[in-house]
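What follows is a short report on a single structure.
Quick note: the coordinates plus some simple rules give every number you see, no bench work behind them. Quick caveat: nothing in here was measured; it's all calculated off a predicted structure. Note: ideal-geometry Cβ built from the backbone for every residue, glycine included; neighbour counts use all protein chains shown.
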Amino acid sequence: MMKGKKLLTSAVALALLLGTFSVHSFAAGFTAAQARELAKKQVPSGCTYLKTELDDGYYEVEYYLESKSEKHEVKISTASQKIVSYKTDRDGKGSAQVSLSKAQAKKLVTDEISGAEIVDTLLESDDGLKEYKIRFKTDSLYGSYEINPNSGAILEREIKIGTAPASWTGSVSSSSGSSSSSSGPISSAKARELALKVVPGATITDFDLDDGVYEIELYKDGYEYDVEFSAATGKQLSYSRDRDDDYWDDRYNDDWDDDWYDHHDWDGHDYHGGHTWEQSHHNGHYYDD
């Protein structure tokens, strides 16, 4: 936990974030220096100022906390002169080991964000390294945390000021709310449900929402699947399947040339001989389960 300040939980910090304390005592032209001073009140003590940038009507003020190798970014509207988001990014990666339960990971979020309701929790994997990605909301804040599942280190926080949009909370404007072609936004839980209908029994290894598209990676029985759905409608946009060569090499203790698969179709039929995988053999190995 941060020394000197508990992120977003002190009365002063919450008041500033939610606009209870007026910042309109600044001069009419809200300056970078004023934005920097406002941001400084939100970051932990011991942070070093890095820079301030003006982008499309918002000041983005960056500080760095050396003791945690953590960058803090405060985004402030020039129009309202109020903070609209707070983000931290810590040097470090996920872990191959998982020692924290989902409940423990969620508690790290609720300990920092008073009254937080957890929207969803996902254990994601990328190149063998796992992270918990947890989304939350309150009446006036929403955002996400990325947490190392072994050490419990918070790798990233993204906290936005305001009411969470319907697509964030997962409400569906369609009256049925159950069809994959519904006319309203679908929740992340619904997107995962749709993906598992495409590949029953698979494990979701990666999950992302990017530009209105749910991008979902799954794994099952030596194959990697990629499925995309529209977040607005739930319509399936794409599907692909790739063979995991390492899985098959390890399974059959065989490292023979993977080009052999170029002569077989996806469901195991030999283009030249018409044999199924169960009937075929190569280098003395039979492909039966």
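Miscellaneous remarks
- Among the listed pairs 75/137; 107/160; 51/130; 51/137, those whose Cα-Cα separation exceeds 25 Å are 51/130; 51/137.
- Surrounding net charge for residue 36, when Lys and Arg each add one and Asp and Glu each subtract one, Cβ distance under 13 Å: -1
- As a proxy for reagent exposure, ranking 206, 111 by other Cβ atoms within 10 Å from fewest up yields 111, 206.
- Sorting 49, 64 by the number of Cβ atoms found within 10 Å of their own Cβ, with the fewest placed first, yields 49, 64.
- Stretched out straight at 0.36 nm per residue, the stretch from residue 102 to residue 197 would grow longer than its current Cα-Cα span by 31.8 nm.
- A simple charge model with +1 on the Cβ of Lys and Arg, -1 on the Cβ of Asp and Glu and nothing else charged puts the dipole of the stretch 37-84 at about 220 debye relative to its Cα centre.
- Kirkwood-based shape ratio for the stretch 102-164, expressed as Rg/Rh from alpha carbons: 0.97
- Of 219, 63, 239, the sequence from fewest to most neighbouring Cβ atoms within 10 angstrom is 239, 219, 63.
- The residues neighbouring residue 150, those whose beta-carbon lies less than 13 Å from its own, together hold a net charge of +1 under the Lys/Arg +1, Asp/Glu -1 convention.
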